[in-house]
1. May I ask you to derive the FRET efficiency for ALA150 and LEU119 from their Cβ-Cβ distance with R0 = 22 Å, giving the value to the nearest 0.05?
2. Among 125-134, 88-97, how do they line up by average Cβ neighbours within 10 Å per residue, starting with the highest?
3. Within the stretch 96-113, whose backbone N sits under 17 Å from a point 7 Å along Cα→Cβ of GLU69?
4. Can you tell me the relative contact order of the stretch 49-153? Whole percent, Cα pairs under 8 Å, sequence separation 6 or more.
5. Rounded, prolate or oblate: which fits the stretch 67-149, taking a ≥ b ≥ c as square roots of the Cα gyration tensor eigenvalues, rounded meaning a/c under 1.5, else prolate when a/b beats b/c?
6. Taking R0 as 30 Å, what's the FRET efficiency between ARG45 and ALA100 from their Cβ-Cβ distance, rounded to 0.05?
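What follows is calculated from the coordinates using simple rules that are stated; it is not laboratory data. Please read these numbers as outputs of a predicted model, since none were measured by experiment. Don't worry about glycine lacking a Cβ; one is built from the backbone with ideal geometry, like all the others, and counts go over all protein chains shown.
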Amino acid sequence: MDITYKAGSDLPAGNDIQRQLSIDDGCTGADGEKTQAKRSGPPNRMNDLDYKTWLKFLKSFFRDKSSGEMTSELISFFTKAVWPDGRPSRSLIIGVPGFAQALVQEPRIVECFRDIRSLAGITDILQAACNTGKAYDFILIDLRSYVTDAASV
């Protein structure tokens, strides 16, 4: 039994949903070789994760991870190491305690500012980043130590 379902061409005009699902039953094929069960997901244009890792990340809850570990995972999830045009991804991380740039795989470029003393300091960093003209693919700002109650928002 070999079932292949492709959606997209048979959908109403204007619908850009594209999905591909292949299922093999693991039986012997016509050439006598054992077929492998396979399943492929939609094309991944967002990051370099394989489909299984991407789906697990997407549907999982995280517990007991440090801010630094979570930050490196978020960078991996939301960026490609190198974009199709050949440029490495660039991330800006502000105020995340315990984040180590070494956890992020090269050639990604990560600019990190840890010791921020005020919201004005964050504003200064963002203004300086805008003035350089650099484009960032991912920006993470940890505001937990600044937003402590409704009045501080």
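1. 0.90
2. The peptides rank, most packed first, as 88-97, 125-134.
3. 97-105
4. 27 percent
5. Because a/c hits 1.5 or more and a/b fails to exceed b/c, the stretch 67-149 counts as oblate.
6. It comes to 0.60.
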